[in-house]
Amino acid sequence: MRRQHIGWVAGAAAAVLVAAGAITYAVAEDGGSDPKTPTAESADAGFARDMAVHHQQAVEMSYIVRDRTQNEEVRRLAYDIAQTQANQRGMLLGWLDLWGLPKVSADPPMTWMGMGDMASGKDGALMPGMATNTDLKKLQSLSGKQAEVLYLQLMTDHHKGGIHMAEGCVAKCTVGVEKRLAQGMVDAQQSEIELMAGMLKERGTQPRS
């Protein structure tokens, strides 16, 4: 049953990537001359910048755990997450290019959600759900079941933070294709949270929060 669930998640990820090409094309068709092109301070741009950073850490964690365990189930999940989020990250940065907007901002992360004063960046955790530098070093030091458990716990937290951000884009972004991508992130990451809860239970533990 678990193998079928992971297959469904992988299939869903593939569908998102196929849709990504169409989404990028649709945004490209609009062109930078569209009067509705987002501004640098917009939720569309803020989400694209912040989620690109958020996704990059998920990719990093996923490749770390692939080197720390031989468990096929965890390695397959990590690969799916890494590939999906790396491709989505490329789309988000590509949209900023198409809109002629900077990929970095002087404003604190989450400002576009009205949460700029909440992201302390303590120990490298720039946004909700992100792992700290200490967490990442610990993950790199573990192997086998211990690495699997910490990865699943960190990624569960990471997905919860990502879902919060994606829901913010669904509510605040104005570019239709970006809102649809954000909703797709919510759906896919919620499914993965449920999958990871089951994997943690099999290992005699549970999510951290």
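Structure notes:
- The stretch 52-204 - convex hull of the alpha-carbon atoms, volume per residue in Å³: 106
- Here's the picture: a label point sits 7 Å out from the Cα of residue 138 along the beta-carbon direction, and within the stretch 166-209 the residues with their amide nitrogen under 16 Å of it are 205-209.
- Spatial separation of Cα centroids for the stretch 162-200 and the stretch 98-156, in angstrom: 16
- Dimensionless Rg over Rh [the stretch 86-166; C-alpha; Kirkwood]: 1.04
- In loop segments of the stretch 31-121 as defined by DSSP, the GluC sites (Glu not before Pro) with at most 14 further C-beta atoms inside 10 Å of their C-beta are 41.
- Flagged links, alpha-carbon separation over 31 Å, of 138/172; 145/172; 103/172; 172/201; 138/201: 138/172; 145/172; 172/201
- Volume of the Cα convex hull of the stretch 44-103, divided per residue and given in Å³: 58
- Here residue 115 and residue 60 are evaluated by their C-beta separation; at R0 = 30 Å the FRET efficiency comes out at 0.80.
- A cut-off under 10 angstrom between Cβ atoms defines the neighbours of residue 193, and their net charge, with Lys, Arg +1 and Asp, Glu -1, is -2.
- Signed unit charges on C-beta, dipole axis of the stretch 111-153, positive-most listed residue 150, 128, 112: 150
- Cross-link reach is defined here as a Cα-Cα straight distance under 13 Å, omitting same-chain residues fewer than 8 places apart; for residue 122 the aspartates and glutamates meeting it are 135.
The numbers here are math on the coordinates, done by the rules we state, and not lab data. Quick caveat: nothing in here was measured; it's all calculated off a predicted structure. Positions of Cβ are generated from backbone atoms using ideal geometry, with glycine treated the same way; all protein chains shown enter the neighbour counts.
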